[in-house]
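Participant: Please find one structure pasted underneath; my questions will follow.
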Amino acid sequence: MWGDKLGSGFALRDRLRNIVTFDLALGDLAENPQLTDPVQVNDPDLGEKFKAAVSAHANATKVFDFYRGVLSRDSVDDQGMALTSVINCIFSPHGPGPEWKNAAWFDNRMWYGQMRNPAGVLVSTARFLDVIGHELTHGVIDTSSGLVYRNQPGALNESFADILGITISNWYEAETPENVAGWNWELGRGWRPTGAGLRSLSDPVAFGQPAHMRDFVHTTADNGGVHINSGIPNKAAHLLFTATTAQGTPVLDARDWVVLLYLAMVRLSRLALFTDVPVALRDVAKVYLAGSPKQLDPVLAAIESAYSAVGIE
């Protein structure tokens, strides 16, 4: 990661990528805190004292570099927006703290709370790269398709955030990033006290989500079930990533699939429905693979198969 050198120390401000990290020192983000100086370290070795700040800054850098290097997007808004992280936050409407078990994209910034590990020690939610990728993708959606956060558009908003968060995490942590055979499909593994994560692309049902339209949950809670019904397009995305030809080889590698999913995502309308995703995917695939006509037919077949398998026709 990069920052400003200050004498023998270091400030968590990356001027090249426009990434900066602040410490709220268990302040309340509900009070609209004013941020002044980034985290500064007087020792050239960050050591054990600044784990939360280092995690937030380094993981924000990874997400930025993935979006720029793989998806050719210049920060969250594609116009070089400052990527600001704030650690050690509480949110008084959710409780007095010091725990605030959350990581959230709000007011064009990332805010990180903290939770107690099995030993009772407070640890920052900034250590979850996939959760950070998920939350920053909400910012990408806000500044592109603007999917309304309710009902099916909201579930798509959550689904694309899950897909990109899991992809980004595996891009840096899997042994062979572009080969999904060794990928971890679970978002936020270790978040729950049991060690489990929040959701799974490969097995939404194991986390209480539907994986087919016949099980779509009609509810007024959770903005119309955005965190529930996202399991359906999540499962379709997993089927895309793992699709193989008749010879057993991958239809596309992970880089190509995530590019197609991203291009489809940013082209959706604010009120897009689940059925709009395979349409958008087919459209972008025809352009993306225009120079490889032999590759296009298996891709179109994989899109049809993946979404039909979850009842999205």
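Values quoted throughout were computed directly from the atomic coordinates according to the rules given, and no laboratory measurement underlies them. Treat the numbers as computed from the prediction; the structure is a model and nothing was measured. Note that each Cβ is placed from the backbone with ideal geometry, even for glycine, and that neighbours are counted across all protein chains shown.
Participant: So what J values fall out for segment 217-229 if you push phi through Karplus, 6.51 cos²θ - 1.76 cosθ + 1.60 with θ = phi - 60°, rounded to Hz, Gly and Pro as x?
Facilitator: Whole-Hz 3J(HN,Hα) from phi for segment 217-229: 9, 8, 8, 9, 6, 6, 6, x, x, 5, 8, 9, 6.
Participant: At 222 nm, what value in deg cm²/dmol follows for the chain if DSSP H runs of at least 4 each add -39500 (n - 2.57) and the sum is divided by all its residues, to the nearest 500?
Facilitator: After summing the helix terms and dividing by residue count, I get -12500 deg cm²/dmol.
Participant: What is the Rg over Rh value, at two decimals, for segment 211-313, using alpha-carbon atoms and the Kirkwood definition of Rh?
Facilitator: 1.00
Participant: Further question: Helix 293-309 versus the longest principal axis of the chain: what angle, 0 to 90°, nearest 10, using Cα atoms?
Facilitator: Taking Cα atoms only, the helix is inclined about 80 degrees.
Participant: Could you tell me which of rounded, prolate or oblate describes segment 18-82, using a ≥ b ≥ c as the square roots of the eigenvalues of the alpha-carbon gyration tensor, with rounded for a/c under 1.5 and, failing that, prolate when a/b is larger than b/c and oblate otherwise?
Facilitator: Taking the square roots of the gyration eigenvalues as a ≥ b ≥ c, segment 18-82 is oblate.
Participant: For Leu271 and Asp43, what does the FRET efficiency come to when R0 = 51 Å and r is the distance between their Cβ atoms, rounded to the nearest 0.05?
Facilitator: Efficiency for this residue pair is about 0.50.
Participant: Could you please report the charge total around Arg267, scoring K, R as +1 and D, E as -1 over all other residues with beta-carbon less than 11 angstrom from its beta-carbon?
Facilitator: -2
Participant: Something else now. Shape call for segment 1-159 from the C-alpha gyration tensor, a ≥ b ≥ c root eigenvalues: rounded (a/c under 1.5), prolate (a/b greater than b/c) or oblate?
Facilitator: Oblate is the answer for segment 1-159, as a/c is 1.5 or above yet b/c matches or exceeds a/b.
Participant: Shifting gears a bit: Would you kindly derive the ³J(HN,Hα) couplings of segment 257-270 from the backbone phi angles with the Karplus curve 6.51 cos²θ - 1.76 cosθ + 1.60 (θ = phi - 60°), listing them in order in whole Hz, with x for Gly and Pro?
Facilitator: So the Karplus estimates, Gly and Pro as x, are 5, 5, 5, 5, 5, 5, 4, 5, 4, 6, 9, 5, 7, 4 Hz.
Participant: What number comes out for the charge environment of Ile90, summing +1 per Lys or Arg and -1 per Asp or Glu over other residues with Cβ under 11 Å away?
Facilitator: Local charge sum for Ile90: -2.
Participant: Assuming a ≥ b ≥ c are the square roots of the Cα gyration tensor eigenvalues, decide whether segment 102-246 counts as rounded (a/c under 1.5), prolate (otherwise, with a/b larger than b/c) or oblate.
Facilitator: Rounded is the answer for segment 102-246, as its axis ratio a/c remains below 1.5.
Participant: Okay, moving on. Give me a comma-separated list of calculated 3J(HN,Hα) values for segment 107-122, in order, Karplus coefficients 6.51, -1.76, 1.60 applied at θ = phi - 60°, integers in Hz, x for any Gly or Pro.
Facilitator: The phi angles translate into 6, 6, 9, 9, 10, 10, x, 8, 9, 8, 7, x, 8, x, 8, 5 Hz.
Participant: What is the magnitude of the charge dipole of segment 161-313 about its Cα centre, with +1 placed on the Cβ of each Lys and Arg, -1 on the Cβ of each Asp and Glu, and no other charges, expressed in debye to the nearest 20?
Facilitator: It works out to roughly 200 debye.
Participant: Counting other Cβ atoms within 10 Å of each Cβ, which GluC sites (Glu not before Pro) in segment 5-99 have at most 15 and sit in a DSSP loop?
Facilitator: Glu48, Glu99
Participant: Using modelled amide H (1.01 Å from N, peptide plane; none on Pro or chain starts), what sits under 5 Å from the amide H of Leu187, excluding residues fewer than 5 places away?
Facilitator: Sorted by chain and number, the residues that satisfy this are Leu198, Arg199, Ser200, Leu201.
Participant: Roughly how many nanometres apart are two label points built 7 Å out from the Cα toward the Cβ at Ser92 and Ser292?
Facilitator: 5.5
Participant: Quote the convex hull volume per residue of the chain, based on C-alpha atoms, as a whole number of Å³.
Facilitator: It comes to 142 Å³ per residue, whole-number rounded.
Participant: If you don't mind, another one. On C-alpha positions alone, give me the angle between the axis of helix 231-241 and the longest principal axis of the chain, in degrees, nearest 10.
Facilitator: Orientation of helix 231-241: about 70 degrees from the principal axis.
Participant: Please give the residues of segment 185-201, grouped as numeric ranges, whose backbone N is less than 13 Å from a label point set 7 Å along the Cα-to-Cβ vector of Val217.
Facilitator: The answer is 199-200, whose backbone nitrogens lie closer than 13 Å to the label point.
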